[in-house]
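Asker: One structure follows; several queries about it will come next.
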Amino acid sequence: MVSQLGQFQSPDRMPCLRCGVCCAKWQPLLDEEEVAMVARGLGIPLDVFYRDHTERYPVKANAYVFRRTGKACRYLRYQNVIAACAIHPFRPEACRNWTPDLSRRECREGLRLPAQLGISEAELPRWYELLAAPDQGILGMGKT
């Protein structure tokens, strides 16, 4: 994934840093089918999900956004500073289609995360490997 320190295989593509910046800055636009999919995935009755978890999107008919909690997506969770999605298996299409890219301001902002965690330059290649396999636990690196 990392060809050498601080460089990715492509000038634009990069691994997801699991920083959560995209989930804090953007709201996925949901159609009625996606609302039903998330409600089903969470085991919440559809009418309750509409009432408590969504808001109508004002400029498009039959479109919704998640009701935010604080300044981020209501399903954004953190383990220390590593972001995760509470609805990842049934997340909306906009979230499934998001690709980390150096041309995205959010992703460039997320590049600060390893330094904030105290990840050394020597640890960066391992950091990116562990991001690709989150079940191996990146939380033991740096000063976390």
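Asker: Could you list all residues from the range 16-32 that are more than 18 Å from F90 (Cα to Cα) and of a type outside the set (G, A, S)? I'd like the intermediate steps shown before the answer.
Answerer: At the first step, the residues of the range 16-32 found to be more than 18 Å from F90 (Cα to Cα) are 16-17, 19, 21, 24-25.
C16, L17, C19, V21, K25, listed by residue number.
Asker: Among the residues of the range 65-105, how many are part of a helix (DSSP H, G or I), without any contact (Cβ under 8 Å) to a residue 12 or more places away in the chain and of a type outside the set (K, R)?
Answerer: Going through the range 65-105 one residue at a time, the tally reaches 2.
Asker: For the range 71-126, how many residues meet the condition of being small (G, A, S), surrounded by fewer than 17 Cβ atoms within 10 Å (Cβ to Cβ) and more than 30 Å from A36 (Cβ to Cβ)?
Answerer: So the answer is 5.
Asker: Now, a different point. For the range 47-64, which positions are surrounded by fewer than 16 Cβ atoms within 10 Å (Cβ to Cβ) and in a helix (DSSP H, G or I)?
Answerer: Scanning the range 47-64 gives D47, V48, R51, D52.
Asker: Could you please let me know if I44 is modelled with pLDDT under 90, surrounded by 14 or more Cβ atoms within 10 Å (Cβ to Cβ) and in a loop (DSSP other than H, G, I, E, B)?
Answerer: no
Asker: If you don't mind, there's one more thing I want to ask. Is one or more of the residues making up the range 76-88 within 18 Å of the chain's Cα centre (by Cα), closer than 17 Å to C19 by Cβ, modelled with pLDDT under 95 and of a type in the set (V, I, T)?
Answerer: Checked against the condition, which is being within 18 Å of the chain's Cα centre (by Cα), closer than 17 Å to C19 by Cβ, modelled with pLDDT under 95 and of a type in the set (V, I, T), the range 76-88 yields at least one hit.
The values are calculated or read from the model by the stated rules, or taken from the named source; none is laboratory data. Computed from a predicted model, the values in this text were never measured in an experiment. With ideal geometry, Cβ positions are generated from the backbone for all residues, glycine too; neighbour counts draw on all protein chains shown.
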